[in-house]
1. Looking only at the stretch 54-84, count how many residues are touching a Lys or Arg at 6+ places or on another chain (Cβ under 9 Å), in a loop (DSSP other than H, G, I, E, B) and surrounded by 11 or more Cβ atoms within 10 Å (Cβ to Cβ).
2. Within the stretch 150-185, which residues are within 26 Å of GLY94 (Cβ to Cβ), assigned to a helix (DSSP H, G or I) and either among the polar types (S, T, N, Q) or out of contact with any strand residue (DSSP E or B) (no Cβ under 9 Å at 6 or more places or on another chain) (or both)?
3. Mind counting the residues in the stretch 35-83 that are over 11 Å from the mean Cα position of the chain (by Cα) and either β-branched (Val, Ile, Thr) or over 30 Å from ARG7 (Cα atoms) (or both)?
4. Sort out for me the helices (runs of 4 or more DSSP H) sitting completely within the stretch 85-149 that have 1 or more residues that are free of Cβ contacts under 8 Å to residues at least 60 places away in the same chain, within 14 Å of ARG55 (Cα to Cα) and open to solvent by less than 60 Å² (accessible area, probe 1.4 Å).
5. Has the stretch 11-29 got at least one residue that is modelled with pLDDT under 95 and in a loop (DSSP other than H, G, I, E, B)?
6. State which residue pairs qualify: first residue in contact (Cβ under 8 Å) with a residue 24 or more places away in the chain and inside the stretch 23-52, second residue in a helix (DSSP H, G or I) and among the hydroxyl-bearing types (Ser, Thr, Tyr) in any location, beta carbons under 8 Å apart, and separation of 6 or more residues or different chains.
Amino acid sequence: MDKEKIREGVKLILEGIGEDIHREGLIETPDRIASMYEELAAGYTDDASKHLQKRFHVDDNDMVMEKDIQFYSFCEHHMLPFFGKAAVAYIPDGEIVGLSKIARTIEVYAKRFQLQERLTAQVADAIMDELAPQGVIVLIEAEHMCMTMRGIKKPGTKTVTVVTRGIFNDNEKLQNSFYRMLERR
């Protein structure tokens, strides 16, 4: 990550909106923003596959679900945050992965400039490619600040995306089981 380019970009934006970049409250802002992006865009230097390497053998192939996984990302169109919760379920094929690894996989892809639709598919594809389950379903529900703060200005509006792979593609019974588990508290 080129923090100097980020600092210079922030200075240009501040000057572009008419701010004095030498004003006391803004002097360190370019440095703060560069450090912030180093953390919030860490997904560009992380590899989801490494998080899915540690696996455990199982004798049964019952559905595994992790839900209410909170995440934060950035809309690639407006560079504003979107945030929400993800749910991931898969049907193992003899192996499972540690639950934290599913959340880490979401983080890898969320910490990039994104489209929610792509994020949902990337998580599903990473699990299919690395874990090779019988199938996976990923649901993401998020609020986009580009719809809340600007444009249409509709706070509280949620976007829901769902991606299915493998056995979940055409199996309505499995899909319904996923949705019932999702509703349980």
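1. 3
2. GLU172, LYS173, GLN175, ASN176, SER177, ARG180
3. So the answer is 21.
4. Numbers: elements: 99-110, 116-131, 145-148.
Output list reads 99-110, 116-131.
5. Scanning the stretch 11-29 turns up no residue that is modelled with pLDDT under 95 and in a loop (DSSP other than H, G, I, E, B).
6. What qualifies is GLY43/TYR109; ALA48/THR105; ALA48/TYR109; HIS51/THR105; LEU52/THR105.
Condition check ((1) within 30 Å of LYS101 (Cα to Cα); (2) not hydrophobic (A, V, I, L, M, F, W, C)) across all residues:
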position: MET1; (1), (2): yes, no
position: LYS5; (1), (2): no, yes
position: GLU8; (1), (2): no, yes
position: GLU24; (1), (2): no, yes
position: THR29; (1), (2): no, yes
position: ARG32; (1), (2): yes, yes
position: GLU39; (1), (2): yes, yes
position: ASP46; (1), (2): yes, yes
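The values are calculated or read from the model by the stated rules, or taken from the named source; none is laboratory data. This one's a predicted model, so the numbers in the text were calculated from it and none came from an experiment. Ideal geometry is used to build each Cβ from the backbone, glycine not excepted, and the neighbour counts take in all protein chains shown. When the accessible area is computed, the model is the full protein with side chains, heavy atoms only, and any ligands, DNA or RNA have been set aside. Shrake-Rupley method; radii C 1.70, N 1.55, O 1.52, S 1.80 Å.
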